[in-house]
Amino acid sequence: MGMSSVQSRFDEISSEYEATRRKFIPDFDMFYKSGIDFLQCEKETPHVLDLGAGTGLYSLKLIQRYPSADVTLIDFAGNMLDIARKAFAGNRNIHFIRDAPLQQYCL
């Protein structure tokens, strides 16, 4: 499956993505919150890049812990980011980048 096929598939399932994850991940909210609980950031206003952000599930939990965080969500599936944009509507500290897969970057 090529990257454009993967991107198209994520765009197709975007509207059901969270509901499907809730169905198959036991204790869904704790699952997402547990990753955030391990963060040890000394800054009250951290700058965070959420790679493969999808619908923004992790970033939503992050903002609960760090309400002043400046967060940039990056994903290659535009429909997923559209859902995230709605979830963060009105939050001026949240930014979005629709970009290609990260193979083009030196990390």
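Normalised Debye scattering of the chain at q = 0.12, 0.13 Å⁻¹ gives log10 I(q)/I(0) of -0.43, -0.51, counting only Cα atoms as equal scatterers and leaving out solvent. The mean sequence distance of close C-alpha pairs (under 8 Å, at least 6 residues apart), as a share of the length of the chain, puts its relative contact order at 26 percent. How large is the helix-only mean residue ellipticity at 222 nm for the chain, computed as the sum of -39500 (n - 2.57) over DSSP H runs with n ≥ 4, divided by its residue count, in deg cm²/dmol to the nearest 500? It lands at -13000 deg cm²/dmol. Label separation (Arg98 vs Ser34): 3.4 nm, computed from points 7 Å beyond Cα along the C-beta direction. Residues whose amide H comes within less than 5 Å of that of Thr72, counting only those at least five positions distant or on another chain, are Val48, Leu49, Asp50, His95 (H built at 1.01 Å from N in the peptide plane).
So, in Å, what gap is there between the alpha-carbon centers of region 79-98 and region 45-71? Their Cα centres are 11 Å away from one another.
Placing unit charges on C-beta atoms (Lys and Arg positive, Asp and Glu negative, everything else neutral), compute the dipole magnitude of the chain about its Cα centre in debye, rounded to 20. Don't jump to the answer; show the numbers that get you there.
Details: 12 positive and 14 negative charges, 28 e Å.
Dipole about the Cα centre, nearest 20: 140 debye.
Give me the net charge for the shell around Ala77: Cβ to Cβ below 15 angstrom, other residues only, Lys and Arg +1, Asp and Glu -1. Counting the neighbours of Ala77, the net charge comes to -3.
Every number here is computed from the coordinates shown, using simple stated rules; none is lab data. Predicted model only: the values in this text are computed from it and were never measured. Glycine gets a Cβ as well: all are built from the backbone with ideal geometry, and neighbour counts include every protein chain shown.
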